[in-house]
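Below is one structure, written out as structure tokens; the observations come after it.
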Amino acid sequence: MNRRAFLTTIAATLLLPHAALAVQARTFSPALWDDVRATDQVVILNFRTNWSLTCQIKQDLIAEAVSENPAYRELQFIDVNWDTYGPSRMAARLNVDRRSTLLVMKNGTEITRLVNEPHAHKIRGLLDAALDAS
């Protein structure tokens with residue numbers, strides 16, 4: 001087997017478990033945000049990018065936590081593309097000044113946040129706070 005084929009096979013094999021653990025998240029839009037704020041549901045806004053290693057680590061930790069605790073599957077996740085909405089008025093109003101930020105929100109009010117903390121125990125703490133607020 002040549003080196004390129006070997007590396008491609010290894011990469012695909014390593015990515016398969018992550019694909020199986022993917023968290024169901026809705027994609028942010030201003031209309032979705034207006035709808036969510038008007039309800040009583042708890043949501044987790046995930047300000048992230050596709051190119052950030054910290055964002056990917058955080059996403060993997062969330063997926064791992066969700067796979068281990070069925071209660072976390074009931075949480076509503078909304079992915080906010082930092083490259084698009086980072087410089088927006090909404091991000092400014094929520095005081096989100098960097099990617100890799102997680103916000104737990106209910107009725108448009110912040111419950112808790114986690115900024116640039118790709119640590120399993122911190123992620124689980126945030127998810128527990130979201131469950132408690134439900």
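The values are calculated or read from the model by the stated rules, or taken from the named source; none is laboratory data. Everything numeric in this text was worked out from a predicted model, so none of it was measured. No Cβ is skipped: glycine too gets one built from the backbone with ideal geometry, and neighbour counts run over all protein chains shown.
Quick notes
- For region 30-50, the set of residues classified as surrounded by 13 or more Cβ atoms within 10 Å (Cβ to Cβ) and of a type in the set (Ser, Thr, Tyr) consists of THR49 only.
- Per the listing ARG73, ARG3, ARG26, the residue uniquely among the basic types (Lys, Arg), surrounded by fewer than 16 Cβ atoms within 10 Å (Cβ to Cβ) and at pLDDT below 85 is ARG3.
- Any pair with Cβ under 7 angstrom, 6 or more apart, that starts in region 65-76 at a residue that is closer than 15 Å to HIS121 by Cα and ends at one that is modelled with pLDDT under 95 and among the polar types (S, T, N, Q): none
- Options LEU53, LEU32; residue that is farther than 17 Å from VAL104 by Cβ and at pLDDT below 95: LEU53
- Counted residues, region 82-115 - those being in contact (Cβ under 8 Å) with a residue 60 or more places away in the chain and of a type in the set (D, E, K, R): 1
- Residue check, ALA91 buried (at least 18 other Cβ atoms within 10 Å of the Cβ) and either within 12 Å of the chain's Cα centre (by Cα) or modelled with pLDDT of 95 or more (or both): no
- Residues located in region 35-52, provided they are farther than 16 Å from LEU102 by Cβ and not charged (D, E, K, R): ALA38, THR39, GLN41, ASN50, TRP51
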